[in-house]
């Protein structure tokens, strides 16, 4: 699941990498309620990709979830969607799908490690 500020280009790239992807704004409309989004992700076995660290770093401790990928560099996904998708793949490979449960993964760090 991509939070409402994640680009359509990144949605397409992740889909091309074999991920089932949906946009929060398509499912919930604009101004998605974070708790509802994280609960939906948990119930439907989706991890979340978001740049909303302020809310989700705290919220992830209160709710069970399938994993949250945070990125702080607002331009990362638009600047290099393919490279960012590879960073997601590497993190998923390292953690395993079950290992992502209730974890927050900083996507910027994985991107820097992979492309550093």
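Laboratory data are not the source of any read-out in this text; all were calculated from the coordinates shown. Owing to the predicted nature of the structure, the values given are computational and were not obtained by experimental measurement. Using ideal geometry, Cβ is built from the backbone for each residue, glycine included, and neighbour counts are taken over all protein chains shown.
When the chain is treated as a Gaussian network with alpha carbon springs shorter than 10 Å, the biggest mean-square fluctuation among 59, 48, 38 belongs to 59.
Given Cα pairs under 8 Å that are at least 6 residues apart, what percent is the relative contact order of region 1-55?
Relative contact order comes out at 48 percent.
Given in Å, the Rg to one decimal and the Dmax to the nearest whole number for the Cα atoms of the chain are 12.8, 37. Taking the centroid of alpha carbons for each part, region 33-53 and region 87-116 are 17 Å apart. In percent, rounded to a whole number, the relative contact order of region 19-105 is 28, using alpha-carbon pairs under 8 Å and six or more apart. The modelled label-to-label distance between residue 31 and residue 44, using points 7 Å beyond Cα along the C-beta direction, is 2.2 nm.
Taking label points 7 Å from Cα along the Cα-to-Cβ direction, residue 57 and residue 103 give a separation of 1.9 nm.
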